[in-house]
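Engineer: Structure provided below as structure tokens; questions to follow.
The values are calculated or read from the model by the stated rules, or taken from the named source; none is laboratory data. From a predicted model like this one, the values you see are computed outputs, not experimental measurements. Because the Cβ atoms are built from the backbone with ideal geometry, glycine has one as well, and the counts that use them run over all protein chains shown.
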Amino acid sequence: MIRFLIRRLALTVLAVWGALSAVFCLLHFSGNPAVLMAPIGSPPEKVAQLSHALGYDRPLAEQYASFFGDALRGHFPDSLTFQQPAMDVVLQRLGATVLLAAVALAGAAVAALLVGLWTGSREGGGARREWPMWLVFLTQSVPGFYIGVLLVWVFGVELAWLPTSGATTATSIVLPAVTLACGVLPPLARVFRNNLRGELARPYSRTGTALGMSRARVVRHAAYGSMLPTVTVLGLEAGALLGGTVIVESVFSWPGVGQLAITALQNQDYPLVLADLTFLIIAFVMVNLVVDLLYGVLDPRVRHQAGESR
Amino acid sequence: MNGTPPLTRRGLLGLGAGLALTPALAGCLPGDTPRDRADASRVVIGLSAAVTTLDPMNTTSVGTDLSVLSSVHSSLVTREPDLTIGPDAATSWRRVAPTRWRFHLHPRAAFADGTPLDADVVVWNVRRLLNADNALRMTPNFPSLIRAEKVDRRTVDLITSRPDADLLGALSFLYLLEPRWATRHKPATQAMGSGPYTITSYSPGGTIELRARDDYWGPAPAIRRVTFRITPSEAARVSGLLSGELDAVAGLDPQDLNRLRADRDLRIQRLDTTRMAFIKLNTLKGPMRDVRVRRAVNYAVDKRAITSSLLKNTVDPSPGQLMTPSYSGYTEGLTGYPHDPDRARALLREAGYGTGRPLRLELTVPSGQYVAGELVVQAVAQQLREIGVSVKINSVPFAVYMQKYLQQKAMPDMQYITQAWPTLAAGGLYGLFVSDSPYAYWHDEEFTGAVTRARGTDDRAERDTLYGRAARRARDQAPVLFLFPQPGLHATAEGLNWRARPDDWVRPAEMSWKGATR
Amino acid sequence: MSPMDQRGRRFRPGAAGAIGAVLLALVVLMALLAPVLAPHDPLAQDLAHTDAAPGVHGHPLGTDQLGRDLLSRLLYGARTPLLVGALAVVCGGLVGTLLGLLSGFARGWLDQVLSRLADVQLALPSVLLALLVLTFGGQSTAVLVLVIALTGWPAYFRLVRSRVLALRTMAYVEASLTQGVATWRVLSYDLLPGVRGLVAVTATLDLSRAVLMEAGLTYLGLGAQAPAPDWGLMVAEGQGQLLGAWWIAVTPGLALVALVIGANLLGERLAERGGGRRAARSTVKKTVTARSTTA
């Protein structure tokens, strides 16, 4: 357990270090980053002033060290468009993204459960049983933004059932959440379905059937057995969702951190892009860490496997 | 992220804001229609861009930031819907000396916290505006203002370095903060003003809610509750109008005209704006120094095809004019450059361009700033390609675009722009084209001479003759690629009274529901 | 794993692979033959016939808001996603394969460093990383290719490395090593042929990931710029016109889906045939697609 923990934590530290180093290098790639952080068209003396205030005139090594502290504490220069600390703006938008991601994840989990039960609980069955898996396969080959555009077209424009932009009414969340859920449904549905199949093939299920248990009961037990791996994938996808929000929020103008990153980029508000993306990347690494640790606690097999394969 | 105090606290705030969104979403039920809102004196307005700051001196975006803030704050004077200057916090004003304006303040004018809006407030605000350390975005609009002086409690003088006819116009953008409040709060994210409304909900870039103040000192607005909803995409604005989620949207794209007209619950107002759209040519450097090239691009573009297709005939091509007919000093009888690609090619050959020496041009357009701007630019670029000119389109944020244009003096060969002058006087608008104007990128003695003399003459006939000479000179020398007036297309829910303005202001205080009790 | 690799009567895997190959070939042909097949110049505008419905005025797929022929744009639009996708796959594949060979062959500290590097790369969200690089490293096709390759190499690396580790214990490799054959000869004659099939399979599946990512970034405005025909950009341009002219956005998206499905089907079929054991197959699939969900 300790070994697993240490390995996992080490990877996290490495990942955070790698990400921040990459950000640091990119920032200094073009020379003085103060040019990017200063309001557009600031005179040279203003840039120099800001460069000093932000410490960009210190030796690179020193800056490199302090950059980590600043980034982890959320200290970034002020947003140019919003004229307040960039991280404040990001955090004000975080709630909308968390809400969207949570709804999408819950929706995807329910859908995966239904698809898995429908296609996995019976042997064979042909196209009539298999069609949901085909749909899932198709979903995986469709870019997220295109799913979003199609949903806007059908449900927003042609049928006019649902709002297609912003977070204005209670129903606003439906389309972005469905789009986001489509991104995580395929792995979830597959893992659950395949594990369900596996459990049903195991002796305890066969014994249950032989002893005259109802099919529903056998499937229920097998489904319980398939939960753990499904939950792990669910957790892993929670991190992936953070990346997906950038595109989905842009399609639907959802006022979260993902859309914020894109509008900041369009407005050349570099401090805000920096704060937003750094925050999201670190959040992604952290979510994955928590999920892995939880899974390690829940299932001892993982700890050993992880210990071996790494 | 680790748990240092500021982040954790803010993080919780952020999460709290997000969770607060849940009831906000639930509170706005799908059954909410324009009719329901009319009964409750509510209105929902769609804005094309996010409100980025609540500090009225740190923004110049009239259509978004300042429209919201004008409801919360008051200014000395205001620009009325008919474009005249009217009273706001100042009830009267006059010029007591060439460089001294005297303003008498409304006796009951006061801020929401009860503090009176008096001469001290004005003096403090002018000082804040002019303090270079504050680096406020509004400051460059007051090039002549030196200081404010208190005469008595309700009287204040503004002093300029030179006689400045534009001061009043600029003052209609200057919203007054309460000094003590402003030093203790963050004006960028909080607001407490002396206007007809107070802000009840705001997050950077998010929806904004206003409520009418019961203790407002001026005339009570008919609309009691206002929601400004940020709808950056044109499609979202149109679908919001069609579904009844939005009551009023200004500056719509004519592409959607037919769809909007087909909806009987919407009222469409088409009006002539005072803005002229054209593609400005940098005559100071590069290929556009040659008047033949400037004329060639004018001949190459089929303006009529663009207005009839992309703009759905909401406007007519400009007859080679820099301003619309609503300006005083407008010259009748000019004709625009006809669409004549052969002539354009011939002019280019004459200027020395051809297969051996292709003409390459850069064309910049500010993203999302002008109605249909990006589409028009693509059409123009393609028509130029058809006469053998290769055009590179750059779409840049408005702030960057203006920066390059005015501060860095680095305008590209061509840029899409719309220009207007608030006083609707030819002298003002032509002032943007005289040699010493930073806007001009055109040094023409004949034009500049005519305009300067016209500005200095009081004889109307002589003045109009001089402006006519200037207009014909501009048509002939083509410092721009003449296009058309910017289309003005506004939509409101049936039953909402709102006289669309030819400028960009969207003010809920100017709206009312038909048959409403209040 | 997909419906296709479940044993049973559902679908003949060969047929699925063939469909994939045909789809992929079609898209490549579209890109290559665009100048021959396209009825119009993809940039030519016809302002008198904007937003024309499919089949009207001699435009089989209709026109967009500037009256440009959508079929022509669709054909030319295949070029950027294919080119960027293929280049990214080649770059990522080359780097990943080389490093994997080295890592598995040399073992020791080099292997440790490279493996941790791949772990770190996989632990970071690819789309966010791409945004960061495109913001601060400049927006150009070259950077776009590099950034897609950057998020793709660990898949090749991991698979090649583990295969090389296994091959090293084979008699013929050991024989070469003990006879003192030069390292580069062992790498290129003994080990490389052993991983070729694996790399080909990975590359096919990686192509779909690369195309998805290119399209997503272009949709966000970070790839090809107007007026260039590009599928992702065309969807973005048509999104505002869904109300009156849905075909502008919907058709290029369908082409994109066909390309990705083609690469996915073919890749799975190749994995099934060449990859051999089920376990190996699922690793390929898992390693490659784990990152693609965010696109």
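Engineer: State which residue is farthest from B:Pro502 (Cα to Cα) when the search covers only segment B:362-401 and only residues that are at the interface with another protein chain (Cβ under 8 Å from one of its Cβ atoms) and of a type in the set (Gly, Ala, Ser).
Structural biologist: Filtering first and then ranking leaves B:Ala381.
Engineer: Please go through segment B:53-68 and pick out each residue that is touching a strand residue (DSSP E or B) at 6+ places or on another chain (Cβ under 6 Å) and crowded, with 23+ Cβ neighbours inside 10 Å.
Structural biologist: Of everything in segment B:53-68, those that are touching a strand residue (DSSP E or B) at 6+ places or on another chain (Cβ under 6 Å) and crowded, with 23+ Cβ neighbours inside 10 Å turn out to be B:Pro56, B:Val68.
Engineer: Name the residue that is nearest to A:Gln266 (Cα to Cα), counting only residues in segment A:41-99 that are of a type in the set (D, E, K, R) and surrounded by fewer than 19 Cβ atoms within 10 Å (Cβ to Cβ).
Structural biologist: A:Lys46
Engineer: Which one is farthest from B:Ser239 (Cα to Cα), of the residues in segment A:226-282 that are within 16 Å of the chain's Cα centre (by Cα) and part of a loop (DSSP other than H, G, I, E, B)?
Structural biologist: Top of the filtered list is A:Gly256.
Engineer: Within the bounds of segment B:209-223, is there any residue that is of a type in the set (Val, Ile, Thr) and over 30 Å from A:Leu159 (Cβ atoms)?
Structural biologist: Yes, there is a match, as at least one residue in segment B:209-223 is of a type in the set (Val, Ile, Thr) and over 30 Å from A:Leu159 (Cβ atoms).
Engineer: Quick one: which of A:Val157, A:Val136, A:Val149 is within 14 Å of chain B (Cβ to nearest Cβ), closer than 25 Å to C:Thr218 by Cα, outside any loop (DSSP other than H, G, I, E, B) and touching a residue at least 12 places away in the same chain (Cβ under 8 Å)?
Structural biologist: One residue alone meets the criteria, A:Val149.
Engineer: Then there is this: Would you tally the residues in segment B:283-314 being in a loop (DSSP other than H, G, I, E, B) and more than 13 Å from every other protein chain (Cβ to nearest Cβ)?
Structural biologist: Of the residues in segment B:283-314, 5 are in a loop (DSSP other than H, G, I, E, B) and more than 13 Å from every other protein chain (Cβ to nearest Cβ).
Engineer: Would you check if there is a residue in segment B:428-442 being modelled with pLDDT under 90 and touching an Asp or Glu at 6+ places or on another chain (Cβ under 8 Å)?
Structural biologist: The answer is yes; a qualifying residue exists.
Yes or no, residue by residue, for (1) in contact with a strand residue (DSSP E or B) (Cβ under 6 Å, 6 or more places away or on another chain); (2) surrounded by 23 or more Cβ atoms within 10 Å (Cβ to Cβ); (3) among the acidic types (Asp, Glu):
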{"position": "C:Gly138", "(1), (2), (3)": "no, no, no"}
{"position": "C:Leu146", "(1), (2), (3)": "no, no, no"}
{"position": "C:Ala149", "(1), (2), (3)": "no, no, no"}
{"position": "C:Ala155", "(1), (2), (3)": "no, yes, no"}
{"position": "C:Ser162", "(1), (2), (3)": "no, no, no"}
{"position": "C:Ala166", "(1), (2), (3)": "no, no, no"}
{"position": "C:Glu174", "(1), (2), (3)": "no, no, yes"}
{"position": "C:Ala182", "(1), (2), (3)": "no, no, no"}
{"position": "C:Ser188", "(1), (2), (3)": "no, no, no"}
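Engineer: Let me ask something else. Determine the pairs where a residue that is farther than 23 Å from B:Ser395 by Cα, located within segment A:266-287, has a partner that is of a type in the set (Phe, Trp, Tyr) with Cβ atoms under 8 Å apart, the partner being 6 or more residues away or on another chain.
Structural biologist: A:Ala275/A:Phe76; A:Thr278/A:Phe76
Engineer: Cβ-Cβ distance below 6 Å, separation of 6 or more or different chains: which pairs start in segment B:290-316 with a residue that is within 22 Å of B:Asp342 (Cβ to Cβ) and end on one that is among the charged types (D, E, K, R)?
Structural biologist: Cβ pairs passing all conditions: B:Arg292/B:Glu350; B:Tyr299/B:Asp340; B:Tyr299/B:Arg343.
Engineer: Further question on the same structure: Inspect all residues belonging to segment A:163-172 and state whether any of them is away from chain B (no Cβ under 12 Å), in contact with a helix residue (DSSP H, G or I) (Cβ under 7 Å, 6 or more places away or on another chain) and not in a loop (DSSP other than H, G, I, E, B).
Structural biologist: no
Engineer: So, one more: Which members of segment A:107-119 meet the condition of being within 13 Å of A:Thr179 (Cα to Cα) and surrounded by fewer than 17 Cβ atoms within 10 Å (Cβ to Cβ)?
Structural biologist: Those that are within 13 Å of A:Thr179 (Cα to Cα) and surrounded by fewer than 17 Cβ atoms within 10 Å (Cβ to Cβ): none in segment A:107-119.
Engineer: Let me ask something else about it. If I filter segment C:238-275 down to residues being surrounded by fewer than 24 Cβ atoms within 10 Å (Cβ to Cβ) and charged (D, E, K, R), which single residue comes out as farthest from the other protein chains (Cβ to nearest Cβ)?
Structural biologist: In this case the residue turns out to be C:Arg273.
Engineer: Next question. Suppose the filter is modelled with pLDDT of 90 or more and closer than 21 Å to C:Ala258 by Cα; does C:Val36 pass it?
Structural biologist: No: the conditions fail for C:Val36.
Engineer: Taking segment B:402-431 only, how many residues are in a helix (DSSP H, G or I) and either farther than 23 Å from A:Thr81 by Cα or away from chain A (no Cβ under 14 Å) (or both)?
Structural biologist: Summing the residues that are in a helix (DSSP H, G or I) and either farther than 23 Å from A:Thr81 by Cα or away from chain A (no Cβ under 14 Å) (or both) in segment B:402-431 gives 5.
Engineer: If we keep just the residues of segment A:240-295 that are charged (D, E, K, R) and under 19 Å from A:Gly95 (Cβ atoms), which is surrounded by the most Cβ atoms within 10 Å (Cβ to Cβ)?
Structural biologist: So the residue we want is A:Asp276.
Engineer: Condition check: assigned to a helix (DSSP H, G or I), closer than 19 Å to A:Met227 by Cβ and touching a residue at least 12 places away in the same chain (Cβ under 8 Å). Does A:Ala111 satisfy that?
Structural biologist: yes
Engineer: Filter segment B:154-164 for residues that are buried (at least 16 other Cβ atoms within 10 Å of the Cβ), within 27 Å of the chain's Cα centre (by Cα) and outside any loop (DSSP other than H, G, I, E, B) and give the result.
Structural biologist: Correct list: B:Leu158, B:Thr160.
Engineer: Can we say B:Arg343 is more than 14 Å from chain C (Cβ to nearest Cβ), in contact with a helix residue (DSSP H, G or I) (Cβ under 6 Å, 6 or more places away or on another chain), in a helix (DSSP H, G or I) and among the charged types (D, E, K, R)?
Structural biologist: When the stated conditions are applied, B:Arg343 passes them.
Engineer: While we're on this one: Here are some residues: A:Arg217, A:Arg190. Which one is part of a helix (DSSP H, G or I), more than 10 Å from chain C (Cβ to nearest Cβ), basic (Lys, Arg) and out of contact with any strand residue (DSSP E or B) (no Cβ under 9 Å at 6 or more places or on another chain)?
Structural biologist: Being part of a helix (DSSP H, G or I), more than 10 Å from chain C (Cβ to nearest Cβ), basic (Lys, Arg) and out of contact with any strand residue (DSSP E or B) (no Cβ under 9 Å at 6 or more places or on another chain) holds for just one of A:Arg217, A:Arg190, which is A:Arg217.
Engineer: Every residue in segment B:466-476 that is surrounded by fewer than 21 Cβ atoms within 10 Å (Cβ to Cβ) and under 11 Å from B:Glu332 (Cα atoms), please.
Structural biologist: Scanning segment B:466-476 gives B:Gly468, B:Arg472.
Engineer: Would you mind finding the one in B:Arg224, B:Arg229 that is within 14 Å of chain A (Cβ to nearest Cβ) and either more than 23 Å from the chain's Cα centre (by Cα) or farther than 21 Å from B:Pro107 by Cβ (or both)?
Structural biologist: On inspection, the qualifying residue turns out to be B:Arg229.
Rundown of residues vs (1) surrounded by fewer than 15 Cβ atoms within 10 Å (Cβ to Cβ); (2) in contact with a strand residue (DSSP E or B) (Cβ under 9 Å, 6 or more places away or on another chain); (3) not small (Gly, Ala, Ser), yes/no style:
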{"position": "B:Gly86", "(1), (2), (3)": "yes, yes, no"}
{"position": "B:Pro98", "(1), (2), (3)": "yes, yes, yes"}
{"position": "B:Leu105", "(1), (2), (3)": "no, yes, yes"}
{"position": "B:Leu117", "(1), (2), (3)": "no, yes, yes"}
{"position": "B:Val123", "(1), (2), (3)": "no, yes, yes"}
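Engineer: Quick one: count up the residues across segment B:237-259 that are within 14 Å of chain A (Cβ to nearest Cβ) and either touching a His at 6+ places or on another chain (Cβ under 9 Å) or under 22 Å from B:Ser309 (Cα atoms) (or both).
Structural biologist: Count: 6.
Engineer: Right, another one. Could you list, in sequence order, the residues of segment B:179-207 that are outside any loop (DSSP other than H, G, I, E, B), touching a residue at least 60 places away in the same chain (Cβ under 8 Å) and over 22 Å from A:Thr81 (Cα atoms)?
Structural biologist: B:Arg180, B:Trp181, B:Tyr197, B:Thr198 - these are the residues of segment B:179-207 that are outside any loop (DSSP other than H, G, I, E, B), touching a residue at least 60 places away in the same chain (Cβ under 8 Å) and over 22 Å from A:Thr81 (Cα atoms).
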